[in-house]
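Have a look at the structure below, then the notes.
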Amino acid sequence: MRLIRSSNALAGQEAVEDVPCGNVVGLVGADCFITKTATLTDEDNIDCYPLRDMKYSVSPIVRVAVECLEPADLPKLVEGLKRLEKSDPLVQTSIEESGEYIIAGAGELHLEICLKDLQEDFISGAKLKISEPVVSFRETITDVSSMQCLSKSPNKHNRLFCKGVPMGDELCQHIEDEGNRVHAVDPKTRACILADEFDWDVMEARKIWCFGPNGVGPNVVVDMTKGLHDVDQVKDSLVAAWNWATREGVVCEETMRGVRINVEDVLLSTRTSLRGGGQIIPTARRVYYACCLKAK
């Protein structure tokens, strides 16, 4: 911990053990563990709660892809994107499966500023190739699937029966704004929140398997099966397929939002070798897509 006594960050510093109120403190090494915001406290202070993140009226919906003109500058770009994401509370950076580096901002002007900072401050002037700005969309459903959807595994030994249900915009917004109150709590607490605030059935809320994409988005899979003991053996495959499906929707391969899939029945092979991930994951993805296509 360093006490900063000057407006120049490179001068007037001294290492200290503690600092009284009214001083600006620089913590060395904390940036390795903090992406945007965090609450720092004593490890013995068990009564301290994290401060809530700031909420903004805009979202990073405009994206561009960036790549280095010189392959030797790629390590600079990777490190520069990390520093850019830490420096701006709204900007988001990611790597697509195709290998593209994506920067998302609140608008074209915001992106221009971020790209200027990236090139001049974070990657030491390395030249970049920047794509045209693209606006991100979301795929959703507004009605229940018109029928129960069935998908068979490639080996024909496993079958999944599911139905799609819209979640509602209020719950989606709640998950996006205060996701830790929903997906990061135990099932009983989550069930109470969903039942009290969003009129969910308590037993159904306790059987939420996962959120998506990436385990935190406003899409859920709910286990509605009854009397099946072997369904938990393929749960990991169904979760992996859900993250895949919600990240690349069925209509235009955009992220899903507000989709709930009820797994109503599962018929599995009695042989473990015939119900592995290679059989269940593509089967589950197809049935998720079918539920969305059969809904409005």
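The values are calculated or read from the model by the stated rules, or taken from the named source; none is laboratory data. Model, not experiment: these values are computed from the prediction. No Cβ is skipped: glycine too gets one built from the backbone with ideal geometry, and neighbour counts run over all protein chains shown. Ligands, DNA and RNA are stripped out before the accessible areas are found, and what is left, the full protein with its side chains, is counted by its heavy atoms. Shrake-Rupley method; radii C 1.70, N 1.55, O 1.52, S 1.80 Å.
Observations on the model:
- For segment 53-69, 3J(HN,Hα) computed residue by residue from phi via the Karplus equation (6.51, -1.76, 1.60; θ = phi - 60°) reads 5, 5, 9, 10, 7, 10, 10, x, 10, 9, 10, 9, 9, 10, 8, 7, 6 Hz, glycine and proline entered as x.
- Between Asp47 and Ser59, the modelled labels are 3.8 nm apart [label points 7 Å from Cα along Cα→Cβ].
- Computing FRET efficiency as 1/(1 + (r/R0)^6) for Ser87 and Asp169, where r is the C-beta to C-beta distance and R0 is 30 Å, gives about 0.40.
- Couplings for segment 283-296, taken from phi via the Karplus curve 6.51 cos²θ - 1.76 cosθ + 1.60 with θ = phi - 60°, read 5, 5, 4, 5, 6, 4, 5, 5, 5, 5, 5, 7, 9, 8 Hz in order; Gly and Pro are left as x.
- Surface per residue (accessible, 1.4 Å probe) for segment 189-296, Å²: 46
- Radius of gyration and Dmax over the Cα atoms of segment 138-296, both given in Å: 14.9, 43
- Rounded accessible area per residue of segment 55-166, 1.4 Å, Å²: 59
- Helix axis angle, 74-87 relative to the chain longest principal axis, alpha carbon, degrees: 90
- Rel. contact order, % - alpha carbon contacts under 8 angstrom, at least six apart, the chain: 17
- Were the residues from Leu274 through Glu14 laid out at 0.36 nm apart, the gain over their Cα-Cα distance would be 87.2 nm.
- Measuring nothing but how far apart in sequence close Cα pairs (under 8 Å, 6+ apart) lie, relative to its length, segment 139-196 scores a relative contact order of 24 percent.
- With Cα atoms as the point set, the radius of gyration and Dmax of the chain evaluate to 23.4, 72 Å.
- Distance between modelled label sites at Val135 and Leu27, nm, 7 Å Cα→Cβ extension: 3.9
- A convex hull fitted to the Cα coordinates of segment 211-260 yields 72 cubic angstrom per residue.
- Accessible area of segment 75-171 belonging to carbon and sulfur atoms, whole % at 1.4 Å probe: 51
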